[in-house]
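Worksheet: one structure, shown below.
Since every read-out is calculated from the coordinates, none of them should be taken as a lab result. Everything quoted here is computed from the prediction, not taken from an experiment. Virtual Cβ from ideal backbone geometry, glycine too; neighbours counted across all protein chains shown.
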Amino acid sequence: MEALTGTTPAGWAVENPHAAVDLVRDPATNRINPVPSSPDRTDFVGRLPGISAASLGDPSFMAVHKVRLPYICGEMANGIASVPMVQAMAKAGLLGFFGAAGLPLHEIEKAVAQLKATVGDASWGSNLIHSPQDPDLEERSVDLYLREGVTRVSASAFMALRPSIVRYACTGLKTAPDGSIIRRNHVFAKISRVEVAKPFLAPAPDNMLAALVEKGQLTREEADLARRIPVAEDFSVEADSGGHTDNRPLTVLLPAILTLRDEMVAKYGFTSPIRIGAAGGLGSPGGVAAAFAAGAAYALTGSVNQAAIESALSPAGKKLLCQAAATDVMMAPAADMFELGVKVQVLKRATFFAARASKLYELYSRHDSLESIPADTMKALERDVFKQPVAQIWADTEAFFQKRMPHEIEKAYREPKHRMALVFRWYLHFASRWAISGEAGRQADYQIWCGPAMGAFNQWAAGSFLAPPENRTVVQIALNMMHGAASITRAHQLRTMGVDVPQQCFNFAPRKFAE
């Protein structure tokens with residue numbers, strides 16, 4: 001790509017997407033070539049204005065959220081999307097979400113305090129994950145965010161609208177002098193299904209609003225205003241991502257949600273923009289460019305940021321990610337929804353986690369209790385997977401749940417199969433923690449949530465300054481993704497206007513950008 005700079009007209013135009021170009025016909029070859037725009041030129045057949053990374057998405061995204069690019073560094077659970085990561089994004093004028101999912105409330109509270117003290121007026125957010133097994137944590141997280149003035153949350157794993165998210169979205173609603181409705185709090189709904197997106201694209205249900213008013217959690221004025229707007233105005237359409245995913249192609253899912261958005265706007269007469277962003281599978285500038293070409297208002301990356309220096313993943317885990325190919329991922333049982341057979345997408349390279357977790361689910365499906373598992377199988381589990389007696393795991397598990405959710409222990413004593421599930425979930429839970437802490441002797445059990453985007457990024461970055469993990473900063477990843485997408489978009493524009501664009505122009509090479 002860089003060899004084309006200054007050597008061909010198309011190469012120059014793609015390398016400088018911000019510059020306007022005139023399109024002129026070469027009388028000798030009859031080809032159309034781009035040349036620097038000049039007001040005195042009379043032989044042009046068209047004019048192509050300059051574009052920038054900021055012009056790729058919905059301009060209202062940057063205006064509402066006060067950022068310089070339509071791009072988000074998504075929340076990665078257990079604090080992998082760390083405070084330093086969100087700080088770096090905010091300092092660069094970009095939006096990042098803290099990975100609050102899986103953390104106890106006091107750790108979330110500590111992270112919020114750090115961010116409030118260090119990023120000033122810059123925009124940032126935190127994750128609010130649906131917690132069906134611990135709904136009280138969900139409500140207390142909303143209490144914390146409202147109390148501390150966290151004005152942006154990424155709502156993930158919600159399968160239906162919940163009072164917690166409605167309370168957060170509608171608190172602080174008021175009218176502007178022109179009669180429009182001003183939001184204090186912004187919900188970014190992360191969705192992968194049309195049926196889940198639909199209630200977030202509609203006003204909150206009357207019965208839910210009435211109940212919140214009766215409890216004193218919303219004012220009547222807030223509830224009245226809530227009936228005129230959708231619950232969320234920003235939607236992160238999650239395709240084939242790391243962690244929880246439906247493995248859906250972005251080219252199928254994004255157009256479906258865009259169509260649904262237009263239908264809901266027509267139905268309810270909403271006047272404020274509703275932004276549909278793209279997430280999942282975005283591992284190179286070409287992928288990001290494709291998302292914007294399909295109509296995305298913004299791009300959200302996840303897996304690729306786990307290998308950034310600001311990520312809380314251990315150096316050993318980052319090294320594994322930097323070696324991954326797009327095919328080095330697979331689905332494995334999820335810790336939080338183990339009994340339901342729900343799966344998450346994880347890294348399979350150099351780790352046995354997925355195979356071992358799948359074996360545990362197989363045993364859970366076939367047996368009614370720990371005691372019914374054959375003795376030789378149990379011995380192998382204790383030796384190779386748990387690396388300690390099951391009795392010790394149960395003692396630790398019982399102590400943990402007695403403090404947080406004692407009803408789980410009561411159920412375990414009533415139902416031996418549930419006790420088995422809690423023991424098996426111990427392994428799934430700690431496998432992700434070992435990957436974060438870099439637990440010695442446990443690398444073969446690392447659970448690293450990862451989608452094929454990681455492999456796409458590694459292939460694109462190979463041989464460049466972004467190849468070594470020590471050079472991967474979350475901001476350089478963001479700037480390369482977005483400026484690269486602008487360059488590729490310019491190449492596509494030129495080609496559609498008849499310019500003979502070399503194929504190399506569609507492969508943006510990584511480079512260092514001023515932050």
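Worth a mention:
- Dividing the helix sum by the residues of the chain, where each DSSP H run of 4 or more adds -39500 (n - 2.57), gives a mean residue ellipticity at 222 nm of -13000 deg cm²/dmol.
- Relative contact order computed over the chain (Cα-Cα under 8 Å; 6+ residues apart), in percent: 17
- Rounded to 10°, Cα long-axis angle of helix 416-437 versus longest principal axis of the chain: 40
- Unit charges at the beta carbon, dipole of the chain: most positive-side option, Ala399, His65, Ile165: His65
- The angle between the Cα long axis of helix 353-366 and the main principal axis of the chain comes to about 50°, on a 0 to 90 degree scale.
- Members of Lys110/Lys343; Lys110/Lys198; Lys190/Lys512; Lys319/Lys387; Lys66/Lys116; Lys66/Lys343 lying beyond 26 Å, as alpha-carbon distances in this model show: Lys110/Lys343; Lys110/Lys198; Lys190/Lys512; Lys66/Lys343
- 17 Å tail of the calculated P(r), region 352-445, as % of Cα pairs: 50
- Normalised by the number of residues in region 352-445, the average gap of Cα pairs under 8 Å and 6 or more apart makes the relative contact order 38 percent.
- Remark: the chain is approximated by an ellipsoid whose semi-axes, taken from the C-alpha gyration tensor as √(5λ), come to 43, 30, 19 Å, largest first.
- Calculated P(r) tail over 19 Å for region 121-255, as whole % of Cα pairs: 51
- Evaluated at q = 0.19 Å⁻¹, the base-10 log of the normalised Debye intensity for region 31-175, with identical point scatterers placed on the Cα atoms, takes the values -1.15.
- Calculated SAXS-style log₁₀ I(q)/I(0) at q = 0.21, 0.27, 0.29, 0.32 Å⁻¹ - region 360-407, Debye, Cα scatterers: -0.83, -1.04, -1.08, -1.12
- Segments 69-79, 331-341, 187-197 sorted - mean Cβ within 10 Å per residue, highest first: 69-79, 187-197, 331-341
- Size of electric dipole in the chain: Cβ of Lys, Arg +1 and of Asp, Glu -1, about Cα centre, debye, nearest 20: 280
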